[in-house]
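The values are calculated or read from the model by the stated rules, or taken from the named source; none is laboratory data. As the structure is a computational prediction, the values presented were derived from the model and not from experiment. Don't worry about glycine lacking a Cβ; one is built from the backbone with ideal geometry, like all the others, and counts go over all protein chains shown. Ligands, DNA and RNA are stripped out before the accessible areas are found, and what is left, the full protein with its side chains, is counted by its heavy atoms. Shrake-Rupley method; radii C 1.70, N 1.55, O 1.52, S 1.80 Å.
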Amino acid sequence: MAGVVVREDGRLLAIRRADNGAWELPGGVLELHEPLQDGVKRKVWEETGVHVEVDQLTGVYKNTTRSIVALVFRCKPSGGTERTSDESTAVDWLTPEEVAERMSEVYAVRLLDALDSAGPHVRSHDGKRLTAVQ
């Protein structure tokens, strides 16, 4: 699960991952007995230092090669200070254009989908490119 944090000015919170250097949205694995919204709040804070309020589900994304399904929630920042972590080497607020430039298609679409009120979106990908929904 992951959180798309949208500031009032429309900028989106992103991290540069420590393990592969890729720009992505903050997120990760839910703890076994953790409610979804609590997991989103925890992962965003752990990776960025930003506290959030979870707004709504904006997408469901299936990685067909790794059998992983990610739930993505739009969030609003509610405090904290941006900082890096063991999982992130940079934290930045990006414009939608910068998201499209810096991120691979399968991650950029998650942030951009969160700006669209037509969701929640359901998409599949092979880890690199979007594919037909399966």
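A few remarks follow.
- Remark: pairs (first residue in segment 56-72, farther than 17 Å from residue 35 by Cβ; second residue modelled with pLDDT under 95 and of a type in the set (S, T, N, Q); Cβ separation under 7 Å; 6+ apart in sequence or on different chains) = 62/124; 62/134; 64/124; 64/131; 64/134.
- Restricting attention to segment 88-112 and to residues that are under 14 Å from the mean Cα position of the chain (by Cα) and acidic (Asp, Glu), the residue that is most open to solvent (accessible area, probe 1.4 Å) turns out to be 105.
- Subset of segment 86-108 [part of a helix (DSSP H, G or I), in contact with a helix residue (DSSP H, G or I) (Cβ under 9 Å, 6 or more places away or on another chain) and touching a residue at least 24 places away in the same chain (Cβ under 8 Å)]: 96, 99, 102, 107
- Residue in segment 50-58 that is assigned to a loop (DSSP other than H, G, I, E, B) and open to solvent by less than 60 Å² (accessible area, probe 1.4 Å) present: no
- Tally, over segment 63-85, of residues that are at pLDDT 95 or above, at negative phi and over 15 Å from the mean Cα position of the chain (by Cα): 6
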